[in-house]
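Peer 1: Pasting a structure here, questions to come.
Only the coordinates and a few stated rules stand behind these numbers; no lab work does. Since the structure is predicted, the reported quantities are computational estimates derived from the model, not experimental observations. Here the Cβ positions follow ideal geometry from the backbone for every residue, glycine too, while neighbour counts run over all protein chains shown.
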Amino acid sequence: MEWPKAANASRRSCQRSFRLAIVLVGCCAGAAHADSEAMRAANRISTHIAGQATSLRICASVDTTNAAAYRTAAAQYRGDADIAAADSAARKILADEARRAGRSEKQSALAEQNAEAAVAASLRQAAAQDKARFTAECRDELRNFGTHSGSFAPLSDLFPYEMKLISASTSGQ
C-alpha cells in the first residue's frame, strides 16, 4: 500500500522525531569534550536510555488511552537490572570524564535536563503536527517494549561495541 504524500511526510516527521529524540539527548547531555572512546560509548548508551524513557513519558501524555501502559513500561525499563547497570556504568564514565574536563556535577545535571527538555519539546511538536501518526508510533514503541525488540532490544544487541567498551572501562575500576 502506498501512503499518500501528506501521510508519508507526516509519518517520516514522526519517525524523525523519535530518532531526533535520541540524537538530541546525546548531543546535549554529553560532555563537550568527548575525547575518549569510552566516553563516546557511555554517552551513546546513556543517551539511548534517557531517550527511551523520555519518549515513553511523552507518549503517555499524548496517548492518554494507554497512559498507564506507557508509565508502567517506563518504570519497568528504568527498573530493569541490565538497563540500570548499563546506565550506572555509563554515568560513572561520563561523570569521571566531566570531572577531568573541569565540569561540575551541577553543570552536567543541567546539561542533561536541558537535553531531555529539548527532546520532549521535539516529540511534543511532532505530536502536535500529526497526533494520529504520533500515537501510532508510540503504540509501536509500546509493542517493541513488550517484545524486547526494535529500540527496546537488549543494549548488547543494539550497541555491542559500546557495551564492550563500557564493560572494559568499568571492570578495572
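Peer 1: Need one number: the % of Cα-Cα pairs in the stretch 129-169 sitting beyond the 15 Å mark. Write down the numbers at each step before the final one.
Peer 2: Details: 449 of 820 pairs.
Cα-Cα pairs in the stretch 129-169 separated by more than 15 Å: 55 percent.
Peer 1: While we're here: At q = 0.33 Å⁻¹, what log₁₀ I(q)/I(0) does a Debye calculation on the Cα points of the stretch 70-110 give, no solvent, two decimals?
Peer 2: For the stretch 70-110, the Cα-only Debye profile gives -0.98.
Peer 1: Which of the peptides 149-161, 56-68 is most tightly packed, and how do the rest follow, judged by the mean count of other Cβ atoms within 10 Å per residue? List each step's numbers first, then the result.
Peer 2: Details: 149-161: 14.5, 56-68: 17.3.
Most protected by this proxy first, the peptides run 56-68, 149-161.
Peer 1: Let me ask something additional. How much length would be gained if the chain were fully extended between D82 and D140, taking 0.36 nm per residue of separation minus their Cα-Cα distance, in nm to one decimal? Can you show the working numbers first?
Peer 2: Values: separation 58, 0.36 × 58 = 20.88 nm, distance 2.24 nm.
Working it through step by step, the gained length comes to 18.6 nm.
Peer 1: Could you sort 38-44, 141-147 so that the peptide with the highest average Cβ count within 10 Å comes first and the rest follow in order? The partial results should precede the final answer.
Peer 2: Numbers: 38-44: 22.9, 141-147: 15.6.
Per-residue Cβ counts within 10 Å, averaged per peptide and sorted highest first, yield 38-44, 141-147.
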